[in-house]
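Student: Got a structure for you, questions after.
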Amino acid sequence: MKKVLAIVLAMMLALSAAALAETVKIGVYEPASGDSGAGGKQEMLGMQYANQETPTVEIGGTTYDVELVYADNGSSTDKAPSAAQQLVSEGVSVVLGSYGSGVSIAGSQYFADANIPAIGVTCTNPQVTAGNSHYFRICFLDPFQGTVLANYAAQQGAKTAYCLGELGNDYDQGLLTYFKQAFEGLGGTAIVESFPTNTADFTSYLTNATAYNADVFFCPVSIAYSTQIIQQAASQNVSFPILGGDTLDSNVVANAAKGTNVQVIITTFYQEGATPTFDEGFKAWLNANSEALTNNGGNDMISAVSAMGYDAYYTALEALKAAGSTDSAAVMAALPGVTLTGVSGAIAFDATGDAIRDAAFVKKINNETGDWEFVAEQQVEG
Amino acid sequence: MWSTVFPYLLSGISVGGQYALIAIGYTMVYGILRLINFAHGDVFMVAGILMVYMAASGVPLWLCLPLVLVLTAVIGFVIERVAYKPLRAAPRMSVMISAIGVSYTLQNLVLYITGGLNQIYPTIPWISDNVTILGASTKMVTIITPILTLVLVVALVWLINHTKIGMAMRAVSRDFETSQLMGIKINRVISTTFVIGTFLAGVASVLYFTNYTTVIQTSGAMPGLKAFVAAVFGGIGSIPGAVVGAFIIGIAENLIKGLDIILFKAGLIPGPMGLATFSDAFTFALLIIILAVKPTGLFGEKITDKV
Amino acid sequence: MSNSLQKKKVDSATIISAVIVLALYALVFVAEQIIPPTSMLFTVLKKGATYALVAVSMNLLNGFTGIFSLGQAGFMLVGAYVYGIFTIPIVSRMDVYQYYNGGLVQFTLPVFIAMLLSGLAAALLALLIGLPVLRLKSDYLAIATLGFAEIIRALFQWDKLGPITNGSNMLRLFPTFNDFNIRAADGHVTVYLSTLVPLLIAGVCIGVIILLINSTFGRALRAIKDDEIAAEAMGIRLASHKRLAFCISSFFAGVGGAMLAMYQTTVQAKSFTTAMTYEILLIVVIGGIGSVTGSCLSSFLFVACSEWWLRFLDQKQVIGDFEVPLLRNGFRLVVFSIIIMIVVLFFRRGIMGTNELPDVIRKLQGKGRSSKKGGQGK
């Protein structure tokens, strides 16, 4: 693998200098560091696996090598512009990403100005695609996810929900708003609070939840914060379950809850076992590649974001084929018509550029084994 | 009312004790060098990272603990020798800039080594165990922290008041030049101060990260700043002042986080106000108030201008 | 120091400097029409211009007045928000203020008026903050201004101010640098100005600062820096001079904040951290505390290195069969830190010391005066 990579890289260097190669560049706009770094890396794994599975694409009768160009947006909106600029200056045909809605919104204008389409992988905030023609996405949206979670909480008999998000994180704040709307629409009470970035001490927020007599603690936060919350909840011996969004779907979070008695329930995009061929191939690839395994948190559990990254890569390839050109404007024009059946389900775009999806998986952590367990597949009518 | 407030006090005392241990390092260095050691919070963070990597490399935990503390002290020593000592004769602004540079360097080094990902702190047996105190469940470390802090402070105060090196420290902090003329080896005194300060920051890091188990390159920034505020609040240069200041800040910060519910239950506000947003800002508001009202802090000595 | 000692008469070195600056502007204008707009060069110039303005404004305090303030990020935040709040088009307000029903402010101001307002808002805030803070001594002042920046950040994130500030959510969709481009009716760009205009704005602002520095007021500030007590004895009113310097510096930091908003295309309180202040301080140090030219040069160098030239350090590089060791994400910043530490420890005068461009030219002309050896040492 290393050798292959070395050769590819050597070729890249030689080729980019001479610019005579048949290479199409796909930008990977993902966080490799910061609070969402762990999630971003897992999302990238899906793309990398897809890339080594299908390293070439036929565009307009010519076979092109697909080159993934990485830019680390650092999980933060102030580092996002330079990462986006970097991809733009590299001349990518299409951008994949990002994990996290805030960075997607922060980078959006740069892609728009350069006429480069972007395919959001797991950024669920409606604002990513609303009001623009260059941003697309293959995942469900927060109004949907918030409603699913609120329904689930209400079904479990919850009357009061304590909701906690990070200040200035568009993903957290968006999901909190939609959850609150839906939950209060069902007759419950939702208390929303936010913590400043880089908070480590969540004990007082957990105390707040207890003081409000919360039946459920909703915290759709980054992986880094959710592991802290779970561990501190364990030491406070809290009685309420913790409810989360798709960000919590990671083996890192599952490991944090392992051996404790904190219940963690989330909604997500993909459940291991839905597409066995993908599961087997991906696991085999992970286990054969130590760096990939490390990036996946040390074991071969499949995160939903990896499956989504995999699907995003193939969506990009379909768009390139349909465009018949590596020109980014042509790819943008072709994207609305792209349809495919990915491992996470059928993908097609609506008028806003959002994927038409109506199902989310509800999963929970098995506290003994530290695995995710399937609970239900939820749909919202309308 | 009491049962509402008690858990916040408990969290506050615990985190206050950890701030106190960091604040001592600030206050001692400031007392002697008149330098805000901006890198101190980052040394605290590096101690956490050292522990993570050492435990991951298979060193048994009982060996890790002393090793981390010693290594942290060594780092403190090296930083002083490399980044502050050459600037002894330079204006104070230069030294402060150097401190900011060291802070920037440490953060970036850790970012490079960890790849910018959160590192999970190893679980240290016994102090990580759960206990229930007056109906509130928490980790053992919450109770140990204030006790350990007080023990260390008493030991430190004894060291300063009753040993030769302590006397030298007091002399140097009173008058740099004169004590040099009296034959005190300034550099040795300053190094000792740094070693003690960073050692305590190392202890604080073990306690802090056992409670809040994630370490990342920015983990030290906020606790560092807050500890510094605590040192100013208590009167910079005064060790008991730093400790009192740290406990006040730790408790106040946690009460702010719960202020909505406390006020709500007391019937003072109609609904949540989102006051938890100000949990960090309040610390700085406190700082500015004390600086405006009593610039020398609660226990500080009067400083006269030197022309 | 040297400038104030020069005769009032405009000498040839000043003229040559002006010509060089104008030539650079012309060059940028031409480059912008020829080179594709996606080139990193323009990113660097835009961001560099922004940082240059902020760095010079910080230098005015730290270098010329001797007030060690660490509140720059806070004033930039205010500037950026004021700009954003007043320039988001009405039609986009529902999208931006999605959780606050479109927000309270329901009108827009022209870009340049909004920028002016950004500066004024920051200056007003500085006036208020200055009352308690400016009485403090060096490091207490530093920590107090830093604290104020943190308080401002929290305030702008407060949910209850959401209808104005959009809470902790992003402000976006306001006019950016790219809107300075002149477009034909079909949306095609005919004249590229998106780099030249920010450079001009920064240039004008820095020009004003230079005039200030060379005025009687500027000389008074330098007297304060050299010795407060002596300056007071000479009849300089300390408090009012310091306050004015603080407000002026904050004004330009506010304008710089507005420019940063335009560069980043989004504004969010979260990103205006102390780390940002430190970064600007380090730029000032590298350029030379007390040199406007130095601050400008080092801003562009700093931005170019971090965004462009040193990017390769963050990626694996293979030369032939040899994979260069150490290179991976984050290495660039390590190299950066080491360079900064070397400058701080061994080249404390930075790139320029206290010299300005005309001084350098005079030196080249062989007419350099001996006054440059003084350095910034106190």
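Student: Just a yes or no: is a residue in region C:89-96 surrounded by 24 or more Cβ atoms within 10 Å (Cβ to Cβ) and either small (Gly, Ala, Ser) or under 30 Å from B:Val229 (Cα atoms) (or both)?
Tutor: No, because not a single residue in region C:89-96 is surrounded by 24 or more Cβ atoms within 10 Å (Cβ to Cβ) and either small (Gly, Ala, Ser) or under 30 Å from B:Val229 (Cα atoms) (or both).
Student: Can C:Ser69 be described as free of Cβ contacts under 8 Å to residues at least 40 places away in the same chain and either in contact with a Cys (Cβ under 8 Å, 6 or more places away or on another chain) or of a type outside the set (A, V, I, L, M, F, W, C) (or both)?
Tutor: It is false that C:Ser69 is free of Cβ contacts under 8 Å to residues at least 40 places away in the same chain and either in contact with a Cys (Cβ under 8 Å, 6 or more places away or on another chain) or of a type outside the set (A, V, I, L, M, F, W, C) (or both).
Student: Give region B:88-101 a look and list any residue that's facing chain C (nearest Cβ under 7 Å) and in a helix (DSSP H, G or I), or say none.
Tutor: Answer for region B:88-101, where residues must be facing chain C (nearest Cβ under 7 Å) and in a helix (DSSP H, G or I): B:Arg92, B:Met93, B:Ser94, B:Met96, B:Ile97, B:Ser98, B:Ile100, B:Gly101.
Student: Within region A:118-164, how many residues turn out to be of a type in the set (S, T, N, Q) and either assigned by TED's automatic domain parsing to the domain that holds A:Asp215 or more than 22 Å from C:Leu171 (Cβ to Cβ) (or both)?
Tutor: Here the count works out to 7.
Here is a yes/no grid of residues against (1) outside any helix (DSSP H, G or I); (2) of a type in the set (Ser, Thr, Tyr); (3) more than 30 Å from A:Ala80 (Cα to Cα):
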{"position": "C:Arg222", "(1), (2), (3)": "no, no, yes"}
{"position": "C:Lys225", "(1), (2), (3)": "no, no, yes"}
{"position": "C:Lys242", "(1), (2), (3)": "no, no, yes"}
{"position": "C:Phe246", "(1), (2), (3)": "no, no, yes"}
{"position": "C:Phe252", "(1), (2), (3)": "no, no, no"}
{"position": "C:Leu260", "(1), (2), (3)": "no, no, no"}
{"position": "C:Tyr263", "(1), (2), (3)": "no, yes, no"}
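Student: Has region A:154-165 got at least one residue that is in a helix (DSSP H, G or I) and under 16 Å from A:Val305 (Cβ atoms)?
Tutor: no
The rows are residues; the columns are (1) away from every other protein chain (no Cβ under 11 Å); (2) assigned to a strand (DSSP E or B); (3) in contact (Cβ under 8 Å) with a residue 24 or more places away in the chain.
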site	(1), (2), (3)
C:Thr145	no, no, yes
C:Glu150	no, no, yes
C:Leu155	no, no, no
C:Leu161	no, no, no
C:Ile164	yes, no, yes
C:Gly167	no, no, yes
C:Asn178	no, no, no
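Student: Output the number of the condition that C:Phe336 fails; it satisfies all remaining conditions of (1) facing chain B (nearest Cβ under 9 Å); (2) modelled with pLDDT under 75.
Tutor: Unmet for C:Phe336, out of (1) facing chain B (nearest Cβ under 9 Å); (2) modelled with pLDDT under 75: (2).
Student: Let me ask something additional. Only residues that are closer than 20 Å to C:Asn329 by Cβ and more than 9 Å from chain C (Cβ to nearest Cβ): list them for region A:50-83, please.
Tutor: Selection gives A:Asn51, A:Glu67, A:Leu68, A:Val69, A:Ala71, A:Asn73, A:Gly74, A:Ser75, A:Ala83.
Student: While we're here: Please verify whether B:Thr27 is β-branched (Val, Ile, Thr), touching a Phe, Trp or Tyr at 6+ places or on another chain (Cβ under 7 Å) and either under 23 Å from B:Val154 (Cα atoms) or surrounded by fewer than 22 Cβ atoms within 10 Å (Cβ to Cβ) (or both), treating the condition exactly as stated.
Tutor: no
Student: If A:Gly168 satisfies every condition in (1) without any contact (Cβ under 8 Å) to a residue 40 or more places away in the chain; (2) facing chain C (nearest Cβ under 9 Å) but one, which is the exception?
Tutor: (1)
Student: Considering every residue within region A:238-245, establish whether at least one is in a helix (DSSP H, G or I) and not β-branched (Val, Ile, Thr).
Tutor: No; the residues of region A:238-245 include none that is in a helix (DSSP H, G or I) and not β-branched (Val, Ile, Thr).
Student: Quick check: is even one residue across region B:57-78 assigned to a helix (DSSP H, G or I), within 12 Å of another protein chain (Cβ to nearest Cβ) and either within 27 Å of B:Ile97 (Cα to Cα) or not charged (D, E, K, R) (or both)?
Tutor: no
Student: Assess whether C:Ala304 counts as being out of contact with any Leu (no Cβ under 7 Å at 6 or more places or on another chain) and under 30 Å from A:Asp35 (Cβ atoms).
Tutor: For C:Ala304, the condition - out of contact with any Leu (no Cβ under 7 Å at 6 or more places or on another chain) and under 30 Å from A:Asp35 (Cβ atoms) - is met.
Student: Here is a follow-up. State the number of residues belonging to region B:226-256 that are at pLDDT below 90 and within 14 Å of chain A (Cβ to nearest Cβ).
Tutor: The number of residues fulfilling the criteria is 0.
Student: Which of the residues belonging to region A:219-243 are closer than 13 Å to A:Glu166 by Cβ and either over 17 Å from the mean Cα position of the chain (by Cα) or more than 8 Å from every other protein chain (Cβ to nearest Cβ) (or both)?
Tutor: Result: A:Cys219, A:Pro220, A:Val221, A:Ser222, A:Tyr225, A:Ser226, A:Gln228, A:Ile229.
Student: In addition: If a residue counts only when it is within 22 Å of C:Leu124 (Cα to Cα) and of a type in the set (S, T, N, Q), which helices (runs of 4 or more DSSP H) contained entirely in region C:40-104 have at least 3 such residues?
Tutor: C:40-59
Student: Filter region A:284-303 down to the residues that are in a helix (DSSP H, G or I) and in contact (Cβ under 8 Å) with a residue 60 or more places away in the chain, then identify the one that is farthest from A:Ser250 (Cα to Cα).
Tutor: A:Ala288
Student: Just checking, does region A:201-215 include any residue being among the β-branched types (Val, Ile, Thr) and outside any helix (DSSP H, G or I)?
Tutor: Scanning region A:201-215, I find no residue that is among the β-branched types (Val, Ile, Thr) and outside any helix (DSSP H, G or I), so the answer is no.
Student: For region B:275-284, check the following and say yes or no: at least one residue is away from chain C (no Cβ under 11 Å) and either at pLDDT below 90 or assigned to a helix (DSSP H, G or I) (or both).
Tutor: no
Student: Of the residues A:Thr369, A:Thr326, which is in a loop (DSSP other than H, G, I, E, B) and not assigned by TED's automatic domain parsing to the domain that holds A:Ala32?
Tutor: One residue alone meets the criteria, A:Thr369.
Student: Any idea which residue in region C:292-325 is surrounded by the fewest Cβ atoms within 10 Å (Cβ to Cβ), counting only those that are more than 14 Å from chain A (Cβ to nearest Cβ) and among the aliphatic types (A, V, I, L, M)?
Tutor: If we take residues in region C:292-325 being more than 14 Å from chain A (Cβ to nearest Cβ) and among the aliphatic types (A, V, I, L, M), then C:Leu301 is surrounded by the fewest Cβ atoms within 10 Å (Cβ to Cβ).
Student: Okay, moving on. Which residues, taken from region B:102-115, are among the polar types (S, T, N, Q), farther than 22 Å from B:Tyr30 by Cβ and either at the interface with another protein chain (Cβ under 7 Å from one of its Cβ atoms) or buried (at least 20 other Cβ atoms within 10 Å of the Cβ) (or both)?
Tutor: Selection gives B:Asn108 alone.
Student: Only one of these is on the phi > 0 side of the Ramachandran plot, at pLDDT below 85 and in a loop (DSSP other than H, G, I, E, B): B:Gly271, B:Gly297. Name it.
Tutor: B:Gly297
Student: From A:Thr326, A:Thr315, grab the single residue that is under 19 Å from the mean Cα position of the chain (by Cα) and among the β-branched types (Val, Ile, Thr).
Tutor: Answer to the check: A:Thr315.
One line per residue, one yes/no per condition, for (1) at pLDDT 90 or above; (2) out of contact with any Gly (no Cβ under 9 Å at 6 or more places or on another chain); (3) surrounded by 20 or more Cβ atoms within 10 Å (Cβ to Cβ):
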position: A:Lys283; (1), (2), (3): yes, yes, no
position: A:Ala304; (1), (2), (3): yes, yes, yes
position: A:Ala316; (1), (2), (3): yes, yes, yes
position: A:Ser344; (1), (2), (3): no, yes, yes
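Student: I'd like to verify a number: residues in region A:42-94 that are among the aliphatic types (A, V, I, L, M) and more than 16 Å from A:Thr23 (Cβ to Cβ), how many?
Tutor: Residues meeting the conditions: 9.
Student: Identify, please: which residue in region C:265-282 is in contact with a helix residue (DSSP H, G or I) (Cβ under 7 Å, 6 or more places away or on another chain) and not in a helix (DSSP H, G or I) and is, among those, farthest from C:Tyr81 (Cα to Cα)?
Tutor: C:Thr273
The values are calculated or read from the model by the stated rules, or taken from the named source; none is laboratory data. Remember, predicted model here, so these are calculated numbers, not experimental data. For neighbour counting, all protein chains shown are included, and Cβ atoms are generated from backbone atoms with ideal geometry for every residue, glycine included.
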